[in-house]
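What follows is a single structure, written as structure tokens, with notes after it.
Please treat every number below as a calculation from the coordinates, not as lab data. Predicted, not measured: the structure shown is a model, and the values here were computed from it. Heads up, the Cβs are rebuilt from the backbone with ideal geometry, glycines too, and the neighbour counts pull from every protein chain shown.
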Amino acid sequence: MKALTANTLREGEVVFWNKGAWKLRFGEAELFEDDAVAEAAALAAVNPTQIVEPYLIDVEAAEDGFAPVAFRERVRALGPQNHPQHGKQAEGGHDIEVIQHAHGVARSAGRHNLIKLKK
């Protein structure tokens, strides 16, 4: 599954696409099962005066919901990691809890490739 994400140009806020509109919470993201449909949505979402670099992310089922696969995307969905009282994680909610408690899904391709190089 895929979701479409970007940042707002003015504030730099992480946003997620849902049926023609950008939403602030990952839990509101439209999930795409078909890559062609997801790519079409990405092209339709381009708005250089409001949104910066929309791109597709991998999403997988987690306990009681969905979570981004990549660790980087989990961090973006939760907000700043310097303190749990900042960002979207401070607001809480079901979608935030799902991401925080998702096990066995997160990966970091960069770190994985670095480990392979050291062997």
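Miscellaneous remarks
- Electrostatic bookkeeping for HIS86 treats Lys and Arg as +1 and Asp and Glu as -1; over the other residues with beta carbon under 14 Å from its beta carbon, the sum is 0.
- Modelled spin labels at ASN18 and ALA90, positioned 7 Å past Cα toward Cβ, are 2.2 nm from each other.
- The modelled label-to-label distance between GLU39 and TYR55, using points 7 Å beyond Cα along the C-beta direction, is 1.7 nm.
- Loop-located GluC sites (Glu not before Pro) in segment 54-89 whose Cβ has at most 16 other Cβ within 10 Å (DSSP): GLU63
- Length available on full extension from ARG72 to HIS101: 0.36 nm per residue minus the Cα-Cα distance, which gives 8.9 nm.
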